[in-house]
Amino acid sequence: MAAAQIPFVDLAGDGPLALLDREDERAAALIGAGRRQYSGLAIDFLDAISRRWARAVGGPYLPELEAAAASDLPRGVWFMNHAYEWGCTTAAGGDPAGPGVRLLRTLDWPFDGLGSNVVVARHETPVGPYYNVTWPGFLGVMTAMAPGRFAVAINQAPVLRHGPSWLPYPWPIDWLISRWHTFSGRRWAPAMVLRQVMETCATYADAKRRLTETPLALSVFFTLAGIEPAESCVIERLPAAANLHGAPAVVANHWKSQDLRGRPRGRESQARAAALTARHLDAPTDFAWLQPPILNPDTRLAVMANAASGDLLVQGFERDGAATAVFSLPKGTAG
């Protein structure tokens, strides 16, 4: 059988709700897979917590969340938009095949359906278009490329160690403390902040400043790749502080700053980062660089993006391997 094709949806000036209208079956399939994998009871509970937090935080995207949750989808839309328990490996550096800076990234999360239901959506904004590698029903941005501006991706940061290093309490206590800080605050989730950046920031410098300064609900890594050779960085974010790391701009799911402590996310975080550091600057123009441990049983998405050339490659994966053919943005489409 031919590999499944990743849909490309040009939304023009419409928002993610229009994508949900067009691809509602994919959204239902993704939420249904989550309910089977984690149980409907667990998803309902997490959905209720996420809904309460989102309503407390508010913001311009809340009406869209309310509308998506009120659709005919199974319960799980609120949780889908506020789940941050994955691993990722991301790098940004000069493109050996031509001008600009190239973003290479994988998203790892043992959540069924993420690879087979991925969509590439084009959005028009006042500062120019952008291409969002996303899922119907998800209203934020995790991985995106804005031609002539920048490409960017989110990696989940470790759970921050809150107590002194000598205190022998277990990791779940750190997780609970972190979640208490998240849900008791009134700050946006990183994916919603990144969506606003894609919609309003005209340059790499604008995006870098906004991603560095905007208060966040929880810690996260942003990898940002501009259009000039010097425009690449990892922004290591705490909720109210930031550390900047320049080239080599490579990050997985462990802290880059030596003074921060916490348990890494995903499988073999140090090994994934080391492997991508060794490969990304001379990686070919296809996914040949996607080898273990960067590629692993939890990998659900691989992306290559260059905002200077407008190139975008995407492939979806499930636990048993590739779930889609490679999507390539047609030449002349970007812009």
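The values are calculated or read from the model by the stated rules, or taken from the named source; none is laboratory data. Quick caveat, the model's predicted, so the values are computed rather than measured. Here the Cβ positions follow ideal geometry from the backbone for every residue, glycine too, while neighbour counts run over all protein chains shown.
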All positions within the range 100-116 that are of a type outside the set (Gly, Ala, Ser), assigned to a loop (DSSP other than H, G, I, E, B) and over 13 Å from the mean Cα position of the chain (by Cα): PRO110, PHE111, ASP112
Lone qualifier among ALA241, ALA271, ALA225, ALA249 - being hydrophobic (A, V, I, L, M, F, W, C), closer than 16 Å to GLY93 by Cα and out of contact with any Asp or Glu (no Cβ under 8 Å at 6 or more places or on another chain): ALA249
Subset of the range 209-248 that is modelled with pLDDT of 95 or more, aliphatic (A, V, I, L, M) and not in a loop (DSSP other than H, G, I, E, B) - its residue that is surrounded by the fewest Cβ atoms within 10 Å (Cβ to Cβ): LEU244
Per-region count, the range 1-52, residues outside any helix (DSSP H, G or I) and in contact with a Leu (Cβ under 9 Å, 6 or more places away or on another chain): 4
Residue match in the range 172-180 (condition: touching a Phe, Trp or Tyr at 6+ places or on another chain (Cβ under 9 Å) and either modelled with pLDDT of 90 or more or aromatic (Phe, Trp, Tyr) (or both)): no
Close pairs (6 angstrom Cβ cut-off, 6 or more residues apart or separate chains): farther than 15 Å from ALA247 by Cα in the range 258-283, surrounded by 16 or more Cβ atoms within 10 Å (Cβ to Cβ) and among the polar types (S, T, N, Q) anywhere: PRO264/ASN253; ARG265/GLN156; ARG265/ASN253; GLY266/ASN253; ARG267/ASN296; SER269/ASN253; ARG272/THR89
Given (1) touching a strand residue (DSSP E or B) at 6+ places or on another chain (Cβ under 6 Å); (2) closer than 15 Å to THR89 by Cα, number of the condition PRO293 does not satisfy: (1)
Matching entry among ALA69, ALA97 (being among the aliphatic types (A, V, I, L, M), surrounded by fewer than 22 Cβ atoms within 10 Å (Cβ to Cβ) and over 24 Å from VAL234 (Cβ atoms)): ALA69
Residues of the range 249-260 satisfying the condition of being of a type in the set (A, V, I, L, M, F, W, C) and assigned to a loop (DSSP other than H, G, I, E, B): ALA252, TRP255, LEU260
Residue that is surrounded by 18 or more Cβ atoms within 10 Å (Cβ to Cβ), within 24 Å of VAL152 (Cβ to Cβ) and out of contact with any His (no Cβ under 7 Å at 6 or more places or on another chain), where the choices are LEU46, LEU107, LEU62: LEU107
Boolean, VAL120 is surrounded by fewer than 24 Cβ atoms within 10 Å (Cβ to Cβ), farther than 19 Å from GLY76 by Cβ and of a type in the set (Val, Ile, Thr): yes
Unmet criterion (only one of (1) touching a helix residue (DSSP H, G or I) at 6+ places or on another chain (Cβ under 9 Å); (2) within 23 Å of PRO229 (Cα to Cα); (3) not in a loop (DSSP other than H, G, I, E, B)) for TYR131: (1)
Those residues of the range 261-307 which are assigned to a helix (DSSP H, G or I) and surrounded by fewer than 19 Cβ atoms within 10 Å (Cβ to Cβ), in sequence order: GLN270, ALA271, ALA274, THR277, ALA278, ARG279, LEU281, ASP282, ALA288
